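A.B. asks: Submitted below is the structure of interest, expressed as structure tokens.
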Amino acid sequence: MRNGGRTRETALAILCTFLLHGKTFSFLAAPTLFSNTQISRQNHRHAPLCATDPDVQALLDAEQEQGIVNRAAFEETLLIESSGSRDTLTESTETERKEATKLIKKSLKEGTRGRGGGGGFGGKEESDAPSSIFFNPSRDKDGFGAIVKQKGVARINSVLSIETATSILNYANEEKIRSEAAIAEGTVQPLSRFTNVLLKQNRWDLLLPMEESDEVMRGLYELLGDGDSAKRRGSVGSVIESTVGKDSELYELACLISDPGSERQVIHPDIAHIDSDGNVIPLVTCFVALQDIDASMGPSEFLPETNTAAHHKRLNNHAIRDELLSEVSSKISLLNVGDCSTFDATTLHAGGGNKSNTRRCLFYFTFRNLSLDDPRTTNNPGSIRPEVKDRRLSLVEIRKVLKKWKAQTST
């Protein structure tokens, strides 16, 4: 999303011109105007580009969304018929995690030869030197960080207790109602409680607080831990430490809500690929299921090993992107309550359409690698409450907050 605004603005300006001159235009061909990188989970948060007439803007949005819906359906057909496999995202075996760790250690060691060894991965693994931001095996407690590094996505089962998942689900449902009421009353701004989403019908990105909610804090405590020892890091906390560093910044904290009737998204990364060498993961996101998710509920679909500049280039080339989707493998995230999918934000993926009679909720957070520029843009600011964002909390600082919260709630 780093440079995603200009192409979209140009396309919409053209459409504005057509509409304002009484001409017709259809976004059934919208995918030829926008790259998939521009259409992310929380993309297209914008002021109207055709400010002359609100009706024109409404038509723009409707035409654009219909074009994206059509494109997403076509892409799903390509993935179903792909020469690659299309099956369920499963938790990697211990052997697979060890092998991934071994291969990454070898790669990192070879990459640091001739640069003096010493810190980082050519030498001392326990180093907290900046080079350890590439990937730190010593902080990868269970090897899932290595899978994220290698595949772009990993499933981890039972990271959240059923009791805690249920309490967060109930809290999110209630907070959505409270937030909508507060917005209607004018006591809070809409963007302080919800991030805009492109396909708005029956889909919300609810921004969550921290200390104001014991439910959220309990979830973070179980997922991230409250200490530096391996036992107190948590599986998800270890993934974050090993891939983006323990000083990584909380970038998002929210709950994705998808009601029956929500549409499928197009294949996209959450941000554009920004590290040409492919050594550094910019953002790591963790989606945690707050209820069992079956195929009818619109589960996330991931394209493993697509967190590369080459795959992004192919996806954004309209002449060859269908060829890419006709040959890649994909994994459908059919999670049970308390399971998670954690992924590099540059990995290609999409949320499915909810064809069930059940709401699908994902509790999620993202951490940002501080060795790279902040990828926030006006259209893609990250899903986090302003007051939480302004604290610029690192993983280390969050664990201190969680430790204090735990002590207070235990007395």
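Derivation of every value follows stated rules applied to the coordinates shown; laboratory data play no part. Values in this document were obtained by computation on a predicted structure and should not be read as measured data. Here the Cβ positions follow ideal geometry from the backbone for every residue, glycine too, while neighbour counts run over all protein chains shown.
A.B. asks: Tell me, what are the semi-axes, in whole angstrom and largest first, of the equivalent ellipsoid of region 234-296 as set by the roots of 5 times the Cα gyration tensor eigenvalues? Provide the component values of the computation, followed by the final result.
C.D. replies: Working: eigenvalues 140, 61, 21 Å².
Over the Cα atoms of region 234-296, the ellipsoid semi-axes are 26, 18, 10 Å.
A.B. asks: Can I ask one more? Can you give the FRET efficiency for residue 214 and residue 106, using 1/(1 + (r/R0)^6), R0 = 56 Å, r = Cβ-Cβ distance, to the nearest 0.05? Spell out each step's value before the answer.
C.D. replies: Working: r = 44 Å, r/R0 = 0.79.
Result of the calculation: an efficiency of 0.80.
A.B. asks: Taking all pairs of different Cα atoms in region 149-209, averaging 1/r and flipping that mean, what Kirkwood radius in angstroms comes out? Display every interim value, and only then the final one.
C.D. replies: Working: mean 1/r = 0.0717 Å⁻¹.
After inverting the pairwise mean of 1/r, the radius is 13.9 Å.
A.B. asks: Sort all Cα-Cα distances of region 264-411 into consecutive 5 angstrom bins from zero, then give the percent of pairs in each bin up to the one containing the longest distance.
C.D. replies: It works out to 2, 8, 14, 18, 18, 16, 12, 6, 3, 1, 1, 0, 0, in whole percents.
A.B. asks: Take the alpha carbon atoms of region 184-272, find their radius of gyration, then divide it by 2.2 N^0.38 Å using N residues; give the quotient. Could you put the intermediate results ahead of the total?
C.D. replies: Numbers: Rg = 16.3 Å, N = 89, 2.2 N^0.38 = 12.1 Å.
Expressed relative to 2.2 N^0.38 Å, the Cα Rg reads 1.35.
A.B. asks: Put +1 on the Cβ of every Lys and Arg and -1 on every Asp and Glu Cβ in region 268-411; which of 352, 328, 401 then has its Cα farthest towards the positive end of the dipole?
C.D. replies: 401
A.B. asks: With a point put 7 Å past each Cα toward its Cβ, work out how far residue 201 is from residue 188 in nm, to one decimal.
C.D. replies: 2.7
A.B. asks: P(r) tail for region 159-314, what percent of Cα pairs lie past 19 Å? Mind showing how you got there, number by number?
C.D. replies: On the way: 7722 of 12090 pairs.
Percent of Cα pairs beyond 19 Å in region 159-314: 64.
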